[in-house]
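To start, the structure under review is shown below, and the notes come after it.
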Amino acid sequence: MRFDVITLFPDMFNAIKDEGVIARAIKKSHLSIHTWQLRDFSNNKYKNIDDKPYGGGAGMVMQVKPIRDCIHKIKQSNPKTKVIYISPQGQPLKHKLAKELSTLGSITLLCGRYEGVDERIIEHDIDMEVSIGDYVISGGELAAMVLIDTISRQIPNVLSNADSLNDSFANNLLDHPHYTRPEVLDNQAVPEVLLSGHQANIDTWRKEQSIKKTQEKRKDLLALMQRK
Ligand code: ADE
């Protein structure tokens, strides 16, 4: 998978390029992340890419031309890339969407700042809008990193242990509890079944715990599962 990211803050992406699961996947060539500084596509010497909104009001709006030129440049070598604008107005990011996107070869992520982009970009230049939740953060970069991480985890061989894919939401259930050494600490003991060595019993216990946790914390997910 190739990610191209259009941003005013390319250095923010070093956080995931340099450490952790994504860094390892890049080293093993399972994915690559290419950042594009939007200011390089500005048409003035001050490298501005924003302007005042027509109709007045607070804040600035990202202009059409630099974004359109940048997307055009990316598409020259990558014509089939899926262009996603990360914004609070987008389709909510869920496990299922991440899994679908993980099957693509190339994704371009447009990160908004200020009041967002000129609407003509949304109408004409992007394939889809995605939101990471019903709240507003200060720009699309953190949201883009969330998207890159969650998509990348679904790409074969990115996670070293395939079992790690059985984490929360894979089947609309929350994850079961996890324990490690010591067996007892401050009178808190690890559940006996986990020490039994009886794998079938352990699997049953984990499934029950998953359902119990989901019942307690996210009844809405259980309803989704029952509808299937
Ligand atoms: N930019 C600002 N807030 C956002 C959100 N919730 N999701 C995606 N992009 C955003």
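Would you be able to tell me the number of residues in region 89-114 that are among the polar types (S, T, N, Q), touching a residue at least 24 places away in the same chain (Cβ under 8 Å) and open to solvent by 60 Å² or more (accessible area, probe 1.4 Å)?
Qualifying residue count for the region: 2.
Step by step: first the residues of region 59-102, then only those that are within 16 Å of the ligand (Cβ to nearest atom) and small (Gly, Ala, Ser), then the one that is farthest from the chain's Cα centre (by Cα). Which residue is that?
Gly59
Do you know which residues across region 77-88 are among the small types (Gly, Ala, Ser) and crowded, with 18+ Cβ neighbours inside 10 Å? Working first, answer last.
To start, the set of residues in region 77-88 that are among the small types (Gly, Ala, Ser) comprises 77, 87.
Result: Ser87, single match.
Is at least one residue of region 138-146 under 27 Å from Glu216 (Cα atoms), in the same structural domain as Met62 (by TED's automatic domain parsing) and under 14 Å from the mean Cα position of the chain (by Cα)?
Looking through region 138-146, at least one residue is under 27 Å from Glu216 (Cα atoms), in the same structural domain as Met62 (by TED's automatic domain parsing) and under 14 Å from the mean Cα position of the chain (by Cα).
Can you tell which of Asn171, Asn157 is open to solvent by 100 Å² or more (accessible area, probe 1.4 Å), under 17 Å from Lys99 (Cβ atoms) and part of a loop (DSSP other than H, G, I, E, B)?
On the way: Asn171 fails: open to solvent by 100 Å² or more (accessible area, probe 1.4 Å).
Within the list Asn171, Asn157, the selection yields Asn157.
If a residue has to be open to solvent by 100 Å² or more (accessible area, probe 1.4 Å) and over 34 Å from the mean Cα position of the chain (by Cα) to count, how many in region 186-219 make the cut?
4
What is the residue count in region 123-144 for residues that are buried (at least 17 other Cβ atoms within 10 Å of the Cβ) and away from the ligand (no atom under 11 Å from the Cβ)?
2
Return a yes/no flag: does region 64-86 have any residue that is touching a residue at least 60 places away in the same chain (Cβ under 8 Å) and among the polar types (S, T, N, Q).
Yes, region 64-86 contains at least one residue that is touching a residue at least 60 places away in the same chain (Cβ under 8 Å) and among the polar types (S, T, N, Q).
The values are calculated or read from the model by the stated rules, or taken from the named source; none is laboratory data. A quick note: this is a predicted structure, and the numbers were derived from the prediction, not measured. FYI the Cβ positions are ideal-geometry reconstructions off the backbone, even for glycines, and counts take in every protein chain you see. To get the accessible areas, we keep the full protein, side chains included, count just its heavy atoms, and leave off ligands, DNA and RNA. Shrake-Rupley method; radii C 1.70, N 1.55, O 1.52, S 1.80 Å.
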